[in-house]
Amino acid sequence: MIFPNKYTSQPFFRWVVAFVTTIPKSFLCNIYAPAVASMAAKGKKSQKKPNRKELVSVQSKKKDDILSESQKKPNRKEFVSVKSKKKDDILSESDMEDEELEQQSVDSDEGGDSGSEISLDGDDTLARDFLDGSDDEVKGSDSDAELDSDSDSDDHDPQTESTAIDAANRRIQQEGQDELQLNIKEQPDEFRLPTQEELEEEARGPPDLTGLQQRIKEIVRILSNFSALRQEGATRKQYIEQLKLDLGSYYGYNEFLISSFVEMFPPVELMELIEAFEKPRPITLRTNTLKTRRRDLAGVLLNRGINLDPLSKWSKVGLVVYDHQVPYGATPEYMAGHYMVQSASSFLPVMALAPQEKERIVDMAASPGGKTTYIAALMKNTGIIYANEMKEKRLSKLTSNLQRLGVTNTVVCSYDGRELPKVLGHNTADRVLLDAPCSGTGVISKDESVKTSKTAVDVQNFSRLQKELILAAIDMVDANSKTGGYVVYSTCSMMVIENEDVIDYALKKRDVKLVPCGLDFGRPGFVRFRERRFHPSLEKTRRFYPHVHNMDGFFVAKLKKMSNSKGVSAASEVEQEVEEEEVSEMEEVEIPQQPQKKELLKKKSTTKSNDLKRKFQDKPPTFEKRKKYKPPPREEISKAREEKREALREAKKKATKQTKSSSTSKKGREGV
């Protein structure tokens, strides 16, 4: 064995060599075999260490590769292929090392003592690494570190990794866009109504809210331009029926209520109305002018952290609340009665009534007292107000609000509104306010139970009650009042049967007429609705909608009593006469009667052939065509009504004159 002089000069090395030479060779081979196997297992995971010449060549190649890569960035596919090649080379080299080590272990077992000789020319790599300690080993270690750093920098180059990540992100985005385009192509451009099978399949599973909303929008879009966008073979009725079903299932309305709204509004406005019902109305306050002014109240509430503004130009006492840091219903000003929490729509009936000082006014449904206290404020606590509330449970709210706001001219009573004329007397009040009980279809934003609780039977019952109440209100008003003689009818309902139908009934049953409400905004009432035709003066009534005026749905009508007669008004008599004329004209048209079969058989048996010939020679009877009745124009009807009224007045005057003359004649006879 030949060792370098650097190690042979060391005493410790000499001692080690002497010790090793004394150990048997077979014993050394048996001890060294497991170490060789473990090193072979570790070699699978590590690269084969190159010689010095190989290191220099690899470093030069690495520099050339880095320069080429800086000029040209590798693609993702090339990056992946290079990595796969490196892995294959490492695995192949490790496999070759395993084969060599196995072969060496076999040779050492077969050779015995001869194979255990340690030499530099042998295949024992561990011995070579241990014994070949020279300057080349130090340089090799430095080159190994450089190689490892180069390999690490090549494997974990941030530039290549960022380019690979960007390429992967671009590929994912492109795949998403391709999938979106594919889905768009699969969906038809034209909207199609769902079939019965599709509807049954939808009913089995949970509701698809996004699908329902999209279908509602498409149906509304088609109905807005039906002739151009409709599906071939589909009728408007089919679209409307599907719209009713979808709106009912999406927003939670029953069939009757959604059908009523569909009949009243076009599709686009219907969607605006339903969306407005889903949002709350703004909070409004009414200033009590008996105790304070609106400006002073607004300043105090602003200092308390309540952000508010004046309601609108049409109200001088209203305030709208946007935000509040303290509860607006528990401030010292509220407890002192400086304001009342009241919806903006509740201002309208009192403004239409326009009460005057020192009048006699009746509020037939007064609780909780917002309208009653407003009337008292306008009257400045003069005159007298009869605040009636049929339900005794609501009387406590009414009385507490009257006391809190400082109202002193009000008498609280609890009677059925239909019996009030018997209690307060006929023709005794100057003005009457009837905020009638109704179905509440205009305040769905406050009470969502109306969506499912109200049915057609309920609305019919409310309408019947409202007709009785309005007749009682008209009977209490004095037509000869110098300042009054007015009745204001209002509801928080949007149903035609509760509003226009009730007013038209009152016009027929009592001698009253409609007058302007005194409100500059609001939509006019219906003159015709589907098959119904109302009095043309119903245009003077006012309707208020949440999607238009940002307040609860409301209806207001103002009636002026013309006379204290309780019978049927002259207008209704004229209409009855018109109907009688129609019937008489129908009866004047002659309709030939066909003979019965038995009589014809008898005539055939009794008459002779000559008579039959004569009958056939005669001309057949002429049938006059029935003419369609055309109602007279409105102007003629109004003139006839006025003439009828004048005739009634003259008849009354003649009757009074006759009674006076008869009484004077009787007195003269008695004196004689």
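The values are calculated or read from the model by the stated rules, or taken from the named source; none is laboratory data. Keep in mind the model is a prediction, meaning the values are calculated, not measured. When we count neighbours, we look across all protein chains shown, and the Cβ atoms used for this are built from the backbone with ideal geometry, even at glycine.
Starting from residues that are without any contact (Cβ under 8 Å) to a residue 60 or more places away in the chain and not charged (D, E, K, R), keep the ones in the stretch 427-452 and report whichever is farthest from Ala557 (Cα to Cα).
Selected residue: Ser449.
Among the residues of the stretch 371-386, are any of a type in the set (Phe, Trp, Tyr), in contact (Cβ under 8 Å) with a residue 40 or more places away in the chain and assigned to a helix (DSSP H, G or I)? Checked against the condition, which is being of a type in the set (Phe, Trp, Tyr), in contact (Cβ under 8 Å) with a residue 40 or more places away in the chain and assigned to a helix (DSSP H, G or I), the stretch 371-386 yields at least one hit.
For the stretch 530-565, the tally of residues that are surrounded by fewer than 16 Cβ atoms within 10 Å (Cβ to Cβ) and part of a strand (DSSP E or B) stands at 3. Applying the set (1) buried (at least 18 other Cβ atoms within 10 Å of the Cβ); (2) within 25 Å of the chain's Cα centre (by Cα); (3) of a type in the set (D, E, K, R) to Glu448 leaves exactly one unmet item: (1).
Is it the case that some residue within the stretch 503-510 is of a type in the set (Asp, Glu) and part of a loop (DSSP other than H, G, I, E, B)? No, that holds for no residue. Under the condition of being basic (Lys, Arg) and farther than 23 Å from Pro368 by Cα, the residues counted in the stretch 423-453 number 1. When the stretch 348-370 is filtered for residues that are free of Cβ contacts under 8 Å to residues at least 60 places away in the same chain and under 15 Å from Ile384 (Cβ atoms), the ones remaining, listed by number, are Glu357, Lys358, Ala366. Contact annotation: residue pairs with Cβ atoms under 9 Å, 6 or more positions apart or on different chains, pairing a residue in the stretch 625-653 that is of a type in the set (Val, Ile, Thr) with a partner that is at pLDDT below 80, are Ile637/Ala571; Ile637/Val574; Ile637/Glu575; Ile637/Val578; Ile637/Pro631.
In the set (1) surrounded by 13 or more Cβ atoms within 10 Å (Cβ to Cβ); (2) under 22 Å from the mean Cα position of the chain (by Cα), Phe226 fails one condition alone, (2).
Every residue in the stretch 224-261 that is closer than 21 Å to Gln196 by Cβ, assigned to a helix (DSSP H, G or I) and among the aliphatic types (A, V, I, L, M), please. Answer for the stretch 224-261, where residues must be closer than 21 Å to Gln196 by Cβ, assigned to a helix (DSSP H, G or I) and among the aliphatic types (A, V, I, L, M): Ile240, Leu243, Leu245, Leu247, Ile258.
In the stretch 501-529, the residue that is farthest from Glu272 (Cα to Cα) out of those that are surrounded by fewer than 17 Cβ atoms within 10 Å (Cβ to Cβ) and in contact with a strand residue (DSSP E or B) (Cβ under 6 Å, 6 or more places away or on another chain) is Lys513.
The set of residues in the stretch 247-292 being in contact (Cβ under 8 Å) with a residue 60 or more places away in the chain, touching a strand residue (DSSP E or B) at 6+ places or on another chain (Cβ under 9 Å) and polar (S, T, N, Q) consists of Thr284, Asn288. Here is a check on your reading of the model: is Ile240 touching a residue at least 40 places away in the same chain (Cβ under 8 Å) and either in contact with a Phe, Trp or Tyr (Cβ under 6 Å, 6 or more places away or on another chain) or closer than 25 Å to Phe265 by Cβ (or both)? No.
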